[in-house]
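Engineer: After the structure tokens below, expect a handful of questions from me.
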Amino acid sequence: MMQSIRQQPFRAAVLVLVWGWLVFLVLTPNMLVVGASVMTRDPANFISLPLNLDAYRQLFNPLYLEVFLHSLYMAAMTTLVCLLIGYPFAWALSRVEKRRQILLIFLLIVPFWTNSLVRTYALKLILATNGLLNSALMSLGVIDESAQLLYTEGAVIVGLVYLLLPFMILPLYSVFEDLRQDVLLASHDLGAGRFATFKNVIVPLTLPGVLAGVMLVLLPAMGLFFVPDILGGSRNLLVGNVIKNQFLDARNWPFGAAASIVLTLTMALLMFAHRLSKRRLGEEGA
Amino acid sequence: MRWLSRSYLALVYLLLYVPIVVLVIFSFNDSRTGYNWGGLSVRWYESLFSNHAMVQAMWNSLWLALTAATVSTCIGALTALALHRYRFRGKKVLNGMLFVVMMSPEIVLAISLLGLFLLLGLKLGYVSLLLAHVTFCLPFVVITVMARLSGFDERLPEAARDLGASDFTMTRTVLIPVIMPALLAGWLLGFTLSMDDVVVSTFVSGPSYEILPLRIYSMVRVGLKPEVNALGTLLLVFSLAMLMLSQWILSRSKQ
């Protein structure tokens, strides 16, 4: 080791810096969260011994379970809506002439670069009781008095879809880009109708993209706590809001840590499914 | 079929952009209530810049983004070079950690860093924000630089070594010029990510260093504030300029 440092001081310095940063700011903090989740809440030092699984047990407390299930439901609806909008969108996008596609993709990533808080706030301008949507509907005579759009479950889902839609579209677009036209023609030549081709050829081939999109949407849809804060009111909380409240307000670290571990495990599970689907596809293709 | 798919694309783009356009238009609205049109005015921009705490938060955010982007570009570039060039034990672990940072929900990263800082007794403020922002920008820089390195002729660094250049000299004179466009693009991406971050900053910032996204957050939680329209418009123009700059750099370097 000493010899290699003397031989290649630059290499050694780079490796020490990179390893140091990642161990200090990624590995250690994550270990801390795992550790905190099995410790006991302590009002003075945040956490203390003895070790136990109380925090995980607390997750199944009916009060929190209800919040979690509601959050899961909203995240699932968000993902579903993103998929329903994004799937045909990515398909249509992949069939536009190449030259225009660059511009269209650019337009899709502009929102990704703009402040998500500001965009969520912009939705509030539209959905508010005397906001644009209500006044538009009233002047068209669709409704007589302004409807309550803001501070509802629907508003949270709309907000999440609005923020996360590009994350669904981009992986879907990349699988549709790889979808070769001759495969579809072959299916047609073999006598498959439009629906059969869609069900037996297109869906299986685009499945990795669907799962990647689901992964990129479902998890943030449980964590983006500022969306319900701005659009949802106090009854439509996400897991992210619970974690934030437990850490910053209630100072219940073990519980917050346990909740975030459950979130991380959900992600790991989804990534595993994604890998599996890709591998299966690879074997069939070979 | 063709016009149907075209109009569908147009409709989705319309929905994506309507709120942004509304925000920009309303930022020039003279009305105080924020819903009705009260004539053209720049009063919200004026009130924004006459608010001392707001201007301070802007400077703080800019400085934080500037330093976080610079540090993460340096470390990210070195990481990418190490992953690309060196063989070392635990390379997979290193890759794995970068992957974890990029994929794990922001909020998980946020609480893990808060835990670390409190354990170390680090005062929450500029330093904690900087460490956190560099960490979440890092994987994006690494990916951008790695993509650039993967299409690169391996014989060039070898030739430099054969001619007697040390590892450091070779990196400085051969590799850095090659990855320069990726460094700039990665820097701009890091800058934007840092300027926009709410989730991580909520956890690791303290009262001593107020930054813009958190100030906006506390403003928009209660009702509508016309100043936010103006501020949002400014941020929008700003990040649009950054994005176009980075696209321009990347496309120019490909030619």
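Computed from the coordinates by the stated procedures, all read-outs in this text should not be read as laboratory data. Keep in mind that what you see is a predicted model, and the values were worked out from it rather than measured. Because the Cβ atoms are built from the backbone with ideal geometry, glycine has one as well, and the counts that use them run over all protein chains shown.
Engineer: Search the structure for amide H atoms under 5 Å from the amide H of A:ASP42, placed 1.01 Å from N in the peptide plane, and list their residues when 5 or more places away or on another chain.
Structural biologist: Sorted by chain and number, the residues that satisfy this are A:ILE47, A:SER48, A:TRP253.
Engineer: With θ set to phi - 60° and the Karplus curve 6.51 cos²θ - 1.76 cosθ + 1.60, what are the ³J(HN,Hα) couplings of the stretch A:16-22 in order, to the nearest whole Hz, using x for Gly and Pro?
Structural biologist: Running phi through 6.51 cos²θ - 1.76 cosθ + 1.60 with θ = phi - 60° gives 5, 4, 5, 4, x, 4, 5 Hz.
Engineer: Looking at chain A, identify the longest residue range that excludes and avoids all GluC sites (Glu not before Pro) in DSSP loops having at most 14 other Cβ atoms within 10 Å.
Structural biologist: A:146-286
Engineer: Could you tell me whether the stretch B:1-126 comes out rounded, prolate or oblate from its Cα gyration tensor? Rule is a ≥ b ≥ c as square roots of the eigenvalues, rounded for a/c under 1.5, then prolate if a/b exceeds b/c, otherwise oblate.
Structural biologist: Oblate.
Engineer: Now for a separate question. How shielded is B:21-29 by partner chains, expressed as the average number of their Cβ atoms within 10 Å of its Cβ atoms?
Structural biologist: Mean inter-chain Cβ contacts per residue within 10 Å come to 2.
Engineer: Here's something else I'd like to know. Only helical DSSP H runs with n ≥ 4 go in: add -39500 (n - 2.57) per run for chain B, normalise by residue count and round the 222 nm mean residue ellipticity to 500 deg cm²/dmol.
Structural biologist: Theoretical 222 nm ellipticity from helices: -25500 deg cm²/dmol.
Engineer: Given the C-alpha centroids of the stretch A:89-146 and the stretch A:248-264, what is the distance between them in whole angstrom?
Structural biologist: For the stretch A:89-146 versus the stretch A:248-264, the Cα centre distance is 34 Å.
Engineer: Which of rounded, prolate or oblate describes the protein assembly as shown when judged by the alpha-carbon gyration tensor and an a/c cut-off of 1.5?
Structural biologist: Taking the square roots of the gyration eigenvalues as a ≥ b ≥ c, the protein assembly as shown is rounded.
Engineer: Show that you can apply the helix-only estimate: for chain A, add -39,500 (n - 2.57) for every DSSP H stretch of four or more residues, divide by all residues, and state [θ] at 222 nm to the nearest 500.
Structural biologist: Roughly -22500 deg cm²/dmol at 222 nm, from the helical runs in chain A.
Engineer: Over what distance in Å are the Cα centres of the stretch B:208-247 and the stretch B:162-187 separated?
Structural biologist: 36
Engineer: Quick one: dipole size for the stretch A:1-106, taken about the Cα centre, charges +1 on Lys/Arg Cβ and -1 on Asp/Glu Cβ, in debye to the nearest 20.
Structural biologist: Roughly 680 debye for the stretch A:1-106.
Engineer: Name the long-range amide H neighbours of B:ASP197: under 5 Å, sequence gap of 5 or more, or other chain; modelled H, no Pro or chain starts.
Structural biologist: none
Engineer: If you average the sequence gap of Cα pairs under 8 Å that are 6 or more apart and divide by the length of chain B, what percent do you get for the contact order?
Structural biologist: Result for chain B is 31 percent.
Engineer: Still on this structure, I have one more. Considering all alpha-carbon pairs of chain A, what whole percent are spaced by more than 27 angstrom?
Structural biologist: 58
Engineer: A further question follows. Evaluate the distance, in nm, between pseudo-label points positioned 7 Å from the Cα of A:TYR64 and of A:VAL142 along their respective Cα→Cβ axes.
Structural biologist: Placing both labels 7 Å along Cα→Cβ, they lie 4.1 nm apart.
Engineer: So if we plug the beta-carbon distance of B:SER47 and A:PHE112 into 1/(1 + (r/R0)^6) with R0 = 30 Å, what FRET efficiency do we get, rounded to 0.05?
Structural biologist: Using R0 = 30 Å, I get an efficiency of 0.50.
Engineer: A further question follows. So who's got an amide H within less than 5 Å of the one on A:ASN236, skipping anything under 5 residues away but keeping other chains? H placed 1.01 Å off N, in plane.
Structural biologist: none
Engineer: Select from A:GLN101, A:ALA147, A:PRO166 the residue farthest towards the positive end of the dipole of the stretch A:95-176; place +1 on Cβ of Lys and Arg, -1 on Cβ of Asp and Glu, and compute about the Cα centre.
Structural biologist: A:GLN101
Engineer: Here's another thing I want to ask about it. Could you give the size of the charge dipole of the stretch B:134-255 about its Cα centre, using +1 on the Cβ of each K and R and -1 on the Cβ of each D and E, expressed in debye and rounded to the nearest 20?
Structural biologist: Value, rounded to 20: 260 debye.
Engineer: Count charges around B:TYR13 for me, please; just the other residues with Cβ under 14 Å from its Cβ, Lys/Arg as +1, Asp/Glu as -1.
Structural biologist: +2
Engineer: Filter the trypsin sites (Lys or Arg not before Pro) in the stretch B:56-107 down to the DSSP loop ones having no more than 12 other Cβ atoms within 10 Å, then list what survives.
Structural biologist: Qualifying residues, ordered by number: B:ARG87, B:ARG89.
Engineer: What order do you get for B:103-114, A:121-132, B:119-130 when each peptide is scored by the mean count of other beta carbon atoms within 10 Å, highest first?
Structural biologist: Ranked from most to least packed, the peptides come out as B:103-114, A:121-132, B:119-130.
Engineer: Could you rank the peptides B:14-23, B:155-164 by their average count of other C-beta atoms within 10 Å per residue, with the highest value first?
Structural biologist: Order by mean packing, descending: B:14-23, B:155-164.
Engineer: Per residue of B:166-173, how many C-beta atoms from partner chains lie within 10 Å of its own C-beta, taken as a mean?
Structural biologist: Going residue by residue through B:166-173 and averaging, the value is 3.
Engineer: Relative to the longest principal axis of chain B, what angle (0 to 90°, nearest 10) does the C-alpha long axis of helix B:106-120 take?
Structural biologist: Helix B:106-120 and the main axis of chain B meet at about 70 degrees.
Engineer: Across bins of 5 angstrom width beginning at 0, how are the C-alpha pair distances of the stretch A:148-193 distributed, in whole percent?
Structural biologist: 5, 17, 13, 11, 12, 9, 10, 9, 7, 5, 1
Engineer: Take A:VAL23 and B:ARG221, extend 7 Å from each Cα along the Cα→Cβ direction, and tell me the distance between the two endpoints in nm.
Structural biologist: Here the answer is 3.9 nm between the modelled labels.
Engineer: Normalised by the residues of the stretch A:95-232, what does the relative contact order come to in percent, with Cα pairs under 8 Å and at least six apart?
Structural biologist: 30
Engineer: I would also like to ask the following. Helix B:52-85: angle to the longest alpha-carbon principal axis of chain B, degrees 0 to 90, nearest 10?
Structural biologist: Between the helix axis and the principal axis of chain B, the angle is about 20 degrees.
Engineer: Short version: ³J(HN,Hα) in whole Hz for each residue of the stretch B:183-193, in order, from phi by Karplus 6.51 cos²θ - 1.76 cosθ + 1.60 (θ = phi - 60°), x for Gly and Pro, what are they?
Structural biologist: Whole-Hz 3J(HN,Hα) from phi for the stretch B:183-193: 5, 5, 5, x, 5, 5, 5, x, 4, 5, 4.
Engineer: Tell me, what is the percent relative contact order of chain A, built from C-alpha pairs under 8 Å that lie six or more residues apart?
Structural biologist: About 26 percent, as a whole number.
Engineer: ³J(HN,Hα) across the stretch A:110-123 via Karplus (A = 6.51, B = -1.76, C = 1.60, θ = phi - 60°), whole Hz, x for Gly/Pro?
Structural biologist: Whole-Hz 3J(HN,Hα) from phi for the stretch A:110-123: 4, x, 4, 8, 9, 4, 5, 5, 5, 5, 5, 5, 4, 5.
Engineer: With unit charges on the beta carbons (Lys and Arg positive, Asp and Glu negative) and the dipole taken about the Cα centre of the protein assembly as shown, which residue among A:LEU238, B:ILE107, B:LEU81 sits farthest to the positive side?
Structural biologist: Positive-most Cα among the choices belongs to B:LEU81.
Engineer: Just counting partner chain Cβ atoms within 10 Å, what average do the residues of peptide A:227-234 show around their Cβ?
Structural biologist: 1
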